[in-house]
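FYI, it's all coordinate maths here, none of it is from the lab. Fair warning: this is a prediction, and the values are worked out from it, not measured in the lab. Cβ: placed from backbone, ideal geometry, glycine included. Neighbour counts: every protein chain shown.
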Amino acid sequence: MSSGTESTRTDTVVAALFDTAIGLCAIAWRGESVVRFQLPEASEEETLARITRPFGGAPVAESHPGAVITEAIAGVRAHLEGAVDPLRWIDVDLRGLPEFHRAVYAVTRDIDPGSTLSYGEVATRLGAPGSAQAVGQALGRNPIPLIIPCHRVLAADHTLHGFSAPGGIGTKARLLDIERTPGFGEPTLF
């Protein structure tokens, strides 16, 4: 994961739209690191608008991705077609984000496909038990969903709550289903 301190990286953000098994997604990158990922919106225009919003709504330069980003797009496509991949090999650039959010994203990125953690379990792994709500808030601001798999974090009772990506918990359920995740949405005995 990039710390964002390398001086060799360019500060120009570029984006591309691409088709997947779940619809049109978007990816934005700086250099060879992903800075944003967008799950499908209702239209191409909405998907592009959502990925550019953090840059003041100004259009980012659309570009044909280089080899590294092309490989990341291919990995995302394959994952969404059912060739489950943790996607940890995709470099992400989280510069400018709060330290707590970066820590939450690091723990979340370690959750394997087909597995889940609760918000409280993520908080405990951070060494901050009792901060489940703050974990949820950080995940709600995740700029790189799927690659940073916030959909793998569930409520303590294994139910699906609060997924801020387009399609809400329906999208979360679909992603978990693609990853063949057992037991989500099923209450536990205790």
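Miscellaneous remarks
- Where labels lie 7 Å past Cα in the beta-carbon direction, separation of Glu44 and Gln137 in nm: 3.9
- Computed about its Cα centre, the charge dipole of region 13-80 is approximately 220 debye, with only Lys, Arg, Asp and Glu carrying charge at their Cβ.
- Residue exposure proxy: Asp11, Asp112, ordered by other Cβ atoms within 10 angstrom of their Cβ from fewest to most, comes out as Asp11, Asp112.
- For region 99-178, the Cα gyration tensor yields ellipsoid semi-axes of 18, 13, 12 Å (square root of five times each eigenvalue, largest first, whole Å).
- For region 13-80, the fraction of alpha-carbon pairs lying more than 19 Å apart is 25 percent, rounded to a whole number.
- Pairwise FRET efficiency - Ala106 versus Thr70, Cβ, R0 = 25 Å, nearest 0.05: 0.45
- A simple spin-label model places pseudo-atoms 7 Å from Cα toward Cβ; at Arg95 and Ala83 they are separated by 3.2 nm.
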